[in-house]
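Heads up, the thing below is written out as structure tokens.
Values in this text are rule-based calculations from the coordinates and carry no lab data. A quick note: this is a predicted structure, and the numbers were derived from the prediction, not measured. Glycine gets a Cβ as well: all are built from the backbone with ideal geometry, and neighbour counts include every protein chain shown.
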Amino acid sequence: MADCIFCKMVAGEISPDVVYEDDDVLAFRDINGQAPTHILVIPKVHISTLDDLDDTELAGRLLKTVSKLARQEGLADDGYRTVINCNEKGGQDVYHLHLHLLGGRQMIWPPG
Ligand code: AMP
Ligand code: ZN
């Protein structure tokens, strides 16, 4: 999608700090990290929101990538948080589906 910043990353027009890539998924460090580790996991195809995600195999790959990266980053045993913000009241700013992986500090509940 032409105006989508995450599609520009997939296309190589913007170079994020990539931590993982395969045919379907890209993962990179959030530019405005909210925890010592803050990674975004995205599908390479443009899907605007969680509400638009119909491909259950891709959904599984995205989730599995989060858990693999959490272990790779040394977060798995202590714990981490995965967040998907959906639409305006969910706090979504970038309308290309992304899973936040946050870790390295104590998370609190409820979230803001
Ligand atoms: P959300 O509010 O769930 O849509 O999250 C969007 C996330 O994308 C925010 O945490 C931003 O810091 C992050 N972000 C925006 N632009 C970039 C970028 N160029 N590189 C890395 N992360 C970005
Ligand atoms: Zn996109």
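Miscellaneous remarks
- Taking 4.7 Å between C-beta atoms as the pairing limit, the chain has these partnerless cysteines: C86.
- Estimated from helical segments only, the mean residue ellipticity of the chain at 222 nm is -7000 deg cm²/dmol, where each DSSP H run of four or more residues counts as -39500 (n - 2.57).
- In degrees, nearest ten, helix 56-72 long axis to first principal axis of the chain (Cα): 40 degrees
- Dividing the radius of gyration of the alpha carbons in the chain by their Kirkwood radius gives 0.94 for Rg/Rh.
- Of all aspartates and glutamates in the structure, those lying under 14 Å Cα to Cα from K8, and not within fewer than 8 positions of it along the same chain, are D17.
- Neighbours of P111 by Cβ distance under 14 Å: Lys/Arg scored +1, Asp/Glu scored -1, total +3.
- Cα-based shape type of the range 1-67, given that a ≥ b ≥ c are square roots of the gyration tensor eigenvalues and the cut on a/c is 1.5: oblate
- Modelled this way, with points 7 Å down the Cα-to-C-beta line, the labels at Q34 and A59 are 2.2 nm from one another.
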